[in-house]
Amino acid sequence: MEKIEAILRPEKLEAVKNALAAEGFIGLNVVTVTGRGVQKGVTHTGRTGEKVSIDMLPKVKLELVIKNKDREKAVNTILAAARTGVIGDGKIFITPVLEVVRVRTGERGEGAI
């Protein structure tokens, strides 16, 4: 099993959730986060002409645990729904999951996903 964590633009969340659901990936968690990457934030010019730098940008972190065989399908689904082609689109991290336990039943392994 693997955990996919995707840091995305907030405005892309609905499209990504819908695309994942259409591919059978229903269970997920979403957390509102702030962060920065290569772009190191943005600079805006205010009404008075004053430059304002924002170095921590609003993002969402989407998390889902999947079977190993579903990795490429899930990643490609996220990429297709989230990509704008502009810096700041985000990142996807994939890590191994040693065990999953369903709290309600005690079921373990892939069946608990």
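Before moving on, here are some points about what is shown:
- Annotation note: trypsin sites (Lys or Arg not before Pro) in segment 24-96 located in DSSP loop regions with a Cβ neighbour count of at most 14 within 10 Å are ARG36, LYS40, ARG47, LYS67, ARG83.
- Convex hull volume per residue, computed on the Cα atoms of segment 2-112, equals 122 Å³.
- With both labels modelled 7 Å from their Cα along Cα-to-Cβ, the ASN76 to VAL100 distance reads 2.1 nm.
- Simple spin-label estimate for GLU107 and LYS51 in nanometres, 7 Å along Cα-Cβ: 5.7
- For the chain, the relative contact order is 42 percent, taking Cα pairs closer than 8 Å that sit 6 or more residues apart in sequence and dividing their mean separation by the residue count.
- On Cα atoms only, tilt of 13-22 relative to the major axis of the chain in degrees: 20
- If the chain linking ILE26 and ARG83 were pulled fully straight, counting 0.36 nm for each residue of separation and taking away their Cα-Cα distance, it would gain 18.5 nm.
- Hits among lysines - C-alpha to C-alpha of LYS73 under 22 Å, sequence gap 8 or more where chains match: LYS3, LYS12, LYS17, LYS61, LYS91
Where a number appears in this text, it was derived from the coordinates with a stated rule and is not lab data. All values reported here derive from a predicted model rather than from experimental measurement. All Cβ positions, glycine included, derive from the backbone under ideal geometry; neighbour counts span all protein chains shown.
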